[in-house]
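Since the structure comes first, as C-alpha cells, the remarks are kept for the end.
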Amino acid sequence: MRSWPSPFIPDVPGRGPAVRVHDTGRGEVVTLNPGPVAGLYVCGITPYDATHLGHAATYVTFDVLGRALRDAGHEVRYVQNVTDVDDPLLARAVRDGVDWVHLADRETALFREDMTALGVIAPDHYLGVTESIDLIVADVEALLANGMAYAVAAPDASDPAGADVYLDISQRPGFGDLSGLTRAQMLTVFAERGGDPEREGKRDPLDPLLWRAERADEPSWGSASLGAGRPGWHIECTALAVRYLGMPFTVQGGGSDLIFPHHEMSAVQGCALTGTRPFAEVFVHQAMVAFEGEKMSKSKGNLVLVSTLRAAGVDPMAIRLALLARHYRTEWEWTHADLHRAQQRLAGWRTALSGNGGPSAQGVLAGIREHVADDLDTPGALAVVDAWASRALEHGGSDLGAPGLVARAIDRILGIRV
Ligand code: 5CA
Ligand code: ZN
C-alpha cells in the first residue's frame with residue numbers, strides 16, 4: 001500500500017545515548033539493544049473514521065522512538081498494517097450505506113495526509129490486510145499443519161461445509177505474560193474487544209479467530225485449503241511482523257487498548273508459527289487520550305480529528321507539540337487549552353530561532369537527547385528548548401550557530417519544524 005512522503009531528517013553532531021523505554025510485559029524501563037537494525041512494528045488504523053488525536057498521539061510517540069533509535073546510530077526498519085477488513089469497518093460501511101472498500105480507501109488516504117502534516121516518518125512496509133491475504137493464508141495453513149490451530153464447523157457460513165479456524169492457546173505456555181490479566185479479566189476484555197468467547201465448538205473460549213469462513217454479504221477471498229473467507233484480526237499483525245521483521249523484533253508498539261487481546265494474541269500466534277520466543281523484545285504502549293471524560297474512540301464518537309483542526313487552519317506542528325507536551329505513559333484528556341499552549345510555545349520558539357544568533361546552544365542538543373532516550377520524556381525535552389528560547393528572547397545572544405543547531409536538533413529528534 002502507498003504510504004506517505006517522509007520528512008527530511010537533518011544531521012546534528014554526535015550521537016544520542018542508548019534508548020530506554022517501558023516494557024509492558026516486564027513492567028519496568030529497559031534499555032533497547034537492537035544491534036545495527038532496529039525492527040519496529042506499530043499497529044495501524046482500522047480505517048472507518050478519520051485520525052483522531054488519540055491515534056495521532058500513538059503515531060507521534062512511536063515516531064519519536066524511531067527518531068531516538070536513528071539518533072543513537074541504528075537503522076530503523078518500520079512496519080505498519082492497515083486493518084482494511086474487519087467487523088467494525090464492515091459494520092460502519094453498512095450503517096452509512098457506503099462500499100467498505102471506498103470507506104477504507106478514503107479514510108486511509110486522510111490518515112496519510114494527517115501523518116505527512118504531523119511530520120511522521122513513513123513505514124518502510126505499509127500493508128493492508130486485503131493485500132496480504134496470501135501471506136496470512138499460508139500462516140493459517142502452517143498453524144493447522146503444525147497442530148497449533150483447529151477448525152470449527154460454521155453451519156451459518158455461505159458454504160455450509162465451511163469452517164472457522166482458531167488458535168489453540170492451551171498449547172501456548174507464555175499466554176498471559178504480556179497483559180498479566182487473570183483469566184476472569186481476560187474473558188471480560190476479550191468479549192469487549194472483538195473476541196467471541198461464546199462461540200460454540202471452541203476448545204477454550206479465549207482461543208483467537210484466525211480465519212472466518214465466508215458469511216452472507218461479507219467480503220471473502222478464496223483459499224483452496226481453507227475455503228472462502230477472511231482473516232481474523234490478530235493474525236494480520238502476526239503475519240506482517242514475522243514476514244517483514246522476523247522474530248524477535250525490537251519493539252511492538254500501539255495504544256494500551258491493544259495489550260489484551262490484540263498484542264497478547266499476535267505474540268502467541270507468532271510463537272506458535274515459528275516455534276521460537278519471544279515475538280518482540282519489548283512491548284511499548286501509549287496511554288489512552290480522552291475527550292469529554294472518556295477514551296477518545298471512533299465507536300463512541302467523542303473525537304477531535306487532526307483533519308478538522310488542519311482544515312480550521314491549525315498549524316500541524318502545534319498539534320504535534322501539544323501531543324509531545326504529555327508523557328506517553330500518562331493518560332490525559334484533550335482540551336482546547338492544550339492546543340492553545342502549544343501554539344504559544346511554537347510562536348515563542350519561532351521568534352527565538354529567527355534571531356541573528358542567540359545564547360549558546362551548549363547543552364541543548366545533549367539535553368533533548370538525554371530526555372528523549374530516558375523513556376521518551378518529551379515534556380522534559382520541550383522544557384530544555386523552552387529554557388533556551390527564554391534566554392534568547394530575554395537576553396539575545398551572539399552565538400551565530402546556536403539558532404540553527406537548536407532548530408536542527410528539535411527537527412531531527414522531536415520532529416518539530418519551525
Ligand atoms: N487496526 C487496529 C490495530 S491492528 C486498531 O486498533 N486500529 S485503531 O484505528 O482502532 O487504532 C489505531 C491505533 O491508535 C492503535 O495503536 C490504538 O491503540 C491507538 N488508539 C486508539 N484510540 C486511542 C486513544 N484514545 N488514545 C491513544 N491511542 C489510541
Ligand atoms: Zn495490530
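Only a single item in (1) open to solvent by less than 30 Å² (accessible area, probe 1.4 Å); (2) touching a Ser or Thr at 6+ places or on another chain (Cβ under 6 Å) is not met by Ala290, and it is number (2).
Set side by side, the residues Thr46, Thr51 differ, and just one is at pLDDT below 95 and open to solvent by less than 40 Å² (accessible area, probe 1.4 Å), which is Thr51.
If only residues of the stretch 81-102 that are open to solvent by 60 Å² or more (accessible area, probe 1.4 Å) and not in a helix (DSSP H, G or I) are counted, the one that is nearest to ligand 2 (Cβ to nearest atom) is Asp99. From the list Arg2, Arg77, Arg67, the lone residue that is touching an Asp or Glu at 6+ places or on another chain (Cβ under 6 Å), closer than 23 Å to Leu245 by Cβ and of a type in the set (Lys, Arg) is Arg77. Residue selection: Glu331 fails the criterion of being over 30 Å from Glu28 (Cβ atoms) and within 16 Å of ligand 1 (Cβ to nearest atom).
Filter the stretch 265-324 down to the residues that are within 16 Å of ligand 2 (Cβ to nearest atom), in contact with a Cys (Cβ under 9 Å, 6 or more places away or on another chain) and not in a helix (DSSP H, G or I) and list them by number. Across the stretch 265-324, the qualifying residue is only Phe279. Taking residues in the stretch 217-231 that are touching a residue at least 60 places away in the same chain (Cβ under 8 Å), and partners anywhere that are of a type in the set (Ser, Thr, Tyr) and open to solvent by 20 Å² or more (accessible area, probe 1.4 Å), the pairs with Cβ atoms closer than 8 Å and at least 6 places apart or on different chains are Ser220/Ser158; Ala228/Ser158; Ala228/Ser220; Gly229/Ser220; Arg230/Ser220.
Scan the stretch 335-356 for residues that are in contact (Cβ under 8 Å) with a residue 12 or more places away in the chain and either open to solvent by less than 10 Å² (accessible area, probe 1.4 Å) or not in a loop (DSSP other than H, G, I, E, B) (or both) and the total you get is 13.
Does any residue of the stretch 166-175 turn out to be closer than 26 Å to Gly66 by Cβ and within 24 Å of the chain's Cα centre (by Cα)?
Residues of the stretch 166-175 closer than 26 Å to Gly66 by Cβ: none.
No, because not a single residue in the stretch 166-175 is closer than 26 Å to Gly66 by Cβ and within 24 Å of the chain's Cα centre (by Cα).
Residues in the stretch 26-56 that are within 16 Å of ligand 1 (Cβ to nearest atom), part of a loop (DSSP other than H, G, I, E, B) and out of contact with any Asp or Glu (no Cβ under 8 Å at 6 or more places or on another chain): 2 in all. Of the numbered criteria (1) acidic (Asp, Glu); (2) within 16 Å of ligand 2 (Cβ to nearest atom); (3) over 29 Å from Pro278 (Cα atoms), the one Glu200 fails is (2). Summed over the stretch 62-108, residues that are away from ligand 1 (no atom under 16 Å from the Cβ) and out of contact with any Leu (no Cβ under 8 Å at 6 or more places or on another chain) total 13. Looking at the stretch 319-326, can you tell me whether even one residue there is open to solvent by 20 Å² or more (accessible area, probe 1.4 Å) and modelled with pLDDT of 95 or more? Within the stretch 319-326 (the criterion being open to solvent by 20 Å² or more (accessible area, probe 1.4 Å) and modelled with pLDDT of 95 or more), the answer is yes, since at least one residue qualifies.
Do you know which of the residues in the stretch 57-80 that are within 16 Å of ligand 2 (Cβ to nearest atom) and in a helix (DSSP H, G or I) is farthest from His234 (Cα to Cα)? If you could, list the steps in order and put the result at the bottom.
Step one: of the stretch 57-80, the residues within 16 Å of ligand 2 (Cβ to nearest atom) are 58-59, 61-62, 78-80.
With in a helix (DSSP H, G or I) added as a condition, the list becomes 58-59, 61-62.
On the way: Thr58: 19, Tyr59: 19, Thr61: 22, Phe62: 20 Å.
Per the criteria, the residue is Thr61.
The residues of the stretch 213-263 that are outside any helix (DSSP H, G or I), among the basic types (Lys, Arg) and within 16 Å of ligand 1 (Cβ to nearest atom) amount to a single one, Arg230. Out of all the residues in the stretch 157-187, which are surrounded by fewer than 14 Cβ atoms within 10 Å (Cβ to Cβ) and not in a loop (DSSP other than H, G, I, E, B)? Selection gives Ser170, Arg183, Ala184, Gln185. In the condition set (1) touching a strand residue (DSSP E or B) at 6+ places or on another chain (Cβ under 9 Å); (2) closer than 19 Å to Asp87 by Cβ; (3) open to solvent by 40 Å² or more (accessible area, probe 1.4 Å), Ala213 is compliant with all but (3).
Answer with yes or no whether Thr250 is within 13 Å of ligand 2 (Cβ to nearest atom), open to solvent by less than 20 Å² (accessible area, probe 1.4 Å) and hydroxyl-bearing (Ser, Thr, Tyr).
Values: within 13 Å of ligand 2 (Cβ to nearest atom): no; open to solvent by less than 20 Å² (accessible area, probe 1.4 Å): yes; hydroxyl-bearing (Ser, Thr, Tyr): yes.
Against the criterion (within 13 Å of ligand 2 (Cβ to nearest atom), open to solvent by less than 20 Å² (accessible area, probe 1.4 Å) and hydroxyl-bearing (Ser, Thr, Tyr)), Thr250 does not qualify.
The values are calculated or read from the model by the stated rules, or taken from the named source; none is laboratory data. Quick caveat, the model's predicted, so the values are computed rather than measured. As a convention, Cβ positions derive from the backbone with ideal geometry for all residues, glycine included, and neighbour counts pool all protein chains shown. The protein model used for the area step is the full one, side chains on, heavy atoms only, and it has no ligands, DNA or RNA in it. Shrake-Rupley method; radii C 1.70, N 1.55, O 1.52, S 1.80 Å.
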